[in-house]
Ligand SMILES: C[S@@+](CC[C@H](N)C(=O)[O-])C[C@H]1O[C@@H](n2cnc3c(N)ncnc32)[C@H](O)[C@@H]1O
C-alpha cells in the first residue's frame, strides 16, 4: 500500500538508511505518517506492513492499534513524528517488531522483550501449557534456557508450583527474566549457568517438571531464516550445534539425574528431528516417550518421564 491516508503531497518513503526519520519532519498528520511508514516497510519486504506501521505508531503515541486509523487527521508534533520515523527505519532494517514495541503477550502475561534475548514465539505457549499441566501442586519446576523467562513465568502464573528455577547461559537473558519476574510479581529463581549446573545440588532427583525450549536449529537453518531471525536474534539462542541437537541431547542425558521418579521432561525441538530425539530419550532409559504437536499441527514438543 503506497497511497496517502492524510493530505501530504510527499511521496511515500521507499528506502535509505535513516530515510524515514528524515522524512518524518514533513509529516503533518497521523495519516501522513501511516502512509509513509507503510510504504517504507513494504519496500523493505516487511509483511504485513500495514499492521506493523499501525503498531509502531500506536506504541509511540500510547494508543491502541485501532485508534491509529481513527486519528488520521490528527496533527503530529515534530518529536512524535521523529520517534515514529526512527522506529520505522529500524523495522525496515528488519529488527523484530516486538523488540521495537518493547513487550509481547505470552499466554496471560505481558513480558518485556530485551536486547540480545530471543523474542518468545507463539508455539512455545504450547510447551508452557504442557509444563503447567504437568506441574503438581507445590511441585518443583526447572526451565532451562529461559530467555525472557516466558515459560517459567507462565508456570508460576498459571500453576501452583512450590519452586520454579530458571537458568540461562546468557547474562542478558538472566537479567531480562529476573526483571520480568519482578515486574509481574511472580516467584521465579533465575540463575546463570550451562543447562542445570546452576541449579542447587539438593534438587537433584527432586524435580517434577524439567522444561526447555533450547537452541535447536542448524547453522544452515538460521542462515536461511527471515532477517528478523538470522540477523537480529542471538545466535546462542538458536543454534544447537552442527546438527541442531547438541543441547537437546545433553539435556536429555542430564534429565534422569535431576527428575524425581515419575517426573516429566518437556523439550521443544525441530519437527524434523523430534523422532531422533525421542529415540535418544528411550535409549537413555526415559519412559512414556511421546511427541506433542503445536497449534499449527506440527510435531513440536518431546515428552518423557523418568
Ligand atoms: C530458543 S531460546 C528460548 C528462550 C525462552 N525459553 C523462550 O522460549 O522464549 C534458547 C535459550 O537457551 C539459552 N541457552 C543456550 N544454550 C544454553 C545452555 N547450554 N544452557 C542454558 N541455556 C542455554 C539461550 O541463551 C536462550 O535464551
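So which residues in the range 136-176 are more than 11 Å from the ligand (Cβ to nearest atom) and in a helix (DSSP H, G or I)?
The answer is 155, 156, 157, 158, 175.
Could you please let me know if residue 195 is in contact (Cβ under 8 Å) with a residue 24 or more places away in the chain, within 16 Å of the ligand (Cβ to nearest atom) and either under 11 Å from residue 142 (Cβ atoms) or in a strand (DSSP E or B) (or both)?
Considered against the rule, which asks whether it is in contact (Cβ under 8 Å) with a residue 24 or more places away in the chain, within 16 Å of the ligand (Cβ to nearest atom) and either under 11 Å from residue 142 (Cβ atoms) or in a strand (DSSP E or B) (or both), residue 195 comes out as yes.
Looking at the range 135-151, I want the residues that are not assigned by TED's automatic domain parsing to the domain that holds residue 122 and have a partner that is in a loop (DSSP other than H, G, I, E, B) and near the ligand (Cβ under 8 Å from one of its atoms) with Cβ atoms under 7 Å, at least 6 apart or on another chain. Which pairs are those?
none
One line per residue, one yes/no per condition, for (1) assigned to a loop (DSSP other than H, G, I, E, B); (2) under 28 Å from residue 200 (Cα atoms); (3) modelled with pLDDT of 95 or more:
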| residue | (1), (2), (3) |
| --- | --- |
| 215 | yes, yes, yes |
| 248 | no, yes, yes |
| 253 | no, yes, yes |
| 257 | no, yes, yes |
| 261 | no, yes, yes |
| 275 | no, no, yes |
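Can you tell me how many residues within the range 214-228 are free of Cβ contacts under 8 Å to residues at least 40 places away in the same chain and within 13 Å of the ligand (Cβ to nearest atom)?
Number of matching residues: 2.
What number of residues in the range 262-290 are under 22 Å from the mean Cα position of the chain (by Cα) and farther than 22 Å from residue 221 by Cα? Before the answer, list the steps.
Start the filter on the range 262-290 by keeping residues that are under 22 Å from the mean Cα position of the chain (by Cα), which leaves 265-274.
Pick out the ones that are also farther than 22 Å from residue 221 by Cα and you get 265-266.
Residues meeting the conditions: 2.
The values are calculated or read from the model by the stated rules, or taken from the named source; none is laboratory data. Computed from a prediction, not measured in an experiment: that's the story for all the values here. Note: ideal-geometry Cβ built from the backbone for every residue, glycine included; neighbour counts use all protein chains shown.
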